[in-house]
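Worksheet for the structure shown next.
The values are calculated or read from the model by the stated rules, or taken from the named source; none is laboratory data. If you're wondering where the values come from, they're calculated on a predicted model, not measured in any experiment. Positions of Cβ are generated from backbone atoms using ideal geometry, with glycine treated the same way; all protein chains shown enter the neighbour counts.
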Amino acid sequence: MTKKIVCVQCPLGCKMKVDLDESGYIKAIFGNKCPRGAEYAKDEIKDPKRIVPTSIKVLYGECMLASVKTDKPIPKRLIPELMKLVRKIEVEAPVKSGDVVVRDLFGTGANLVVTRTVKRSANSYSENRKRNICKSSA
Ligand code: SF4
């Protein structure tokens, strides 16, 4: 079996082909212009990883949500668990871009970090909710 993979490690985006045997073991990798591509292809076959962008709830903020992302790629298989965790998270404003919300997610070494600043609001949470106010800046 042959799998097609596009390397995303640099802007060249090499199109690779990975030959696998019946057990799913890698026999050969073609199309990569450097060793990083081969490593990426191996990861994609064995345990694909992604940086995950999402958002968390913010209390007393000018915006009800703050965007966050993992600061390193995490295994795709952990994304459903991450989403369960994210749905439970509530932080109080203010939050600043770069704040760490959760350290070492599931022992991966990746942190969940804020990517958009949300200032504290002079209005109540329910007022902001009614008005749908969101004046945050990055
Ligand atoms: S294989 Fe190397 S040159 Fe090609 S996209 Fe990946 S990192 Fe870039």
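Some notes on this structure:
- The set of residues in region 22-70 that are at negative phi and of a type in the set (Gly, Ala, Ser) comprises 23, 28, 37, 38, 41, 55, 61, 66, 67.
- Remark: residue 44 matches the filter, which requires a residue to be of a type in the set (Asp, Glu) and closer than 17 Å to residue 7 by Cα.
- Hey, residue 69 modelled with pLDDT of 95 or more and surrounded by 13 or more Cβ atoms within 10 Å (Cβ to Cβ) or not: yes
- Qualifying residue in region 7-21 (condition: crowded, with 19+ Cβ neighbours inside 10 Å, in contact (Cβ under 8 Å) with a residue 60 or more places away in the chain and in contact with a strand residue (DSSP E or B) (Cβ under 6 Å, 6 or more places away or on another chain)): no
- Under the condition of being closer than 19 Å to residue 9 by Cβ, free of Cβ contacts under 8 Å to residues at least 40 places away in the same chain and hydroxyl-bearing (Ser, Thr, Tyr), the residues counted in region 27-82 number 1.
- Region 22-60: number of residues that are exposed (fewer than 13 other Cβ atoms within 10 Å of the Cβ) and under 22 Å from the mean Cα position of the chain (by Cα): 4
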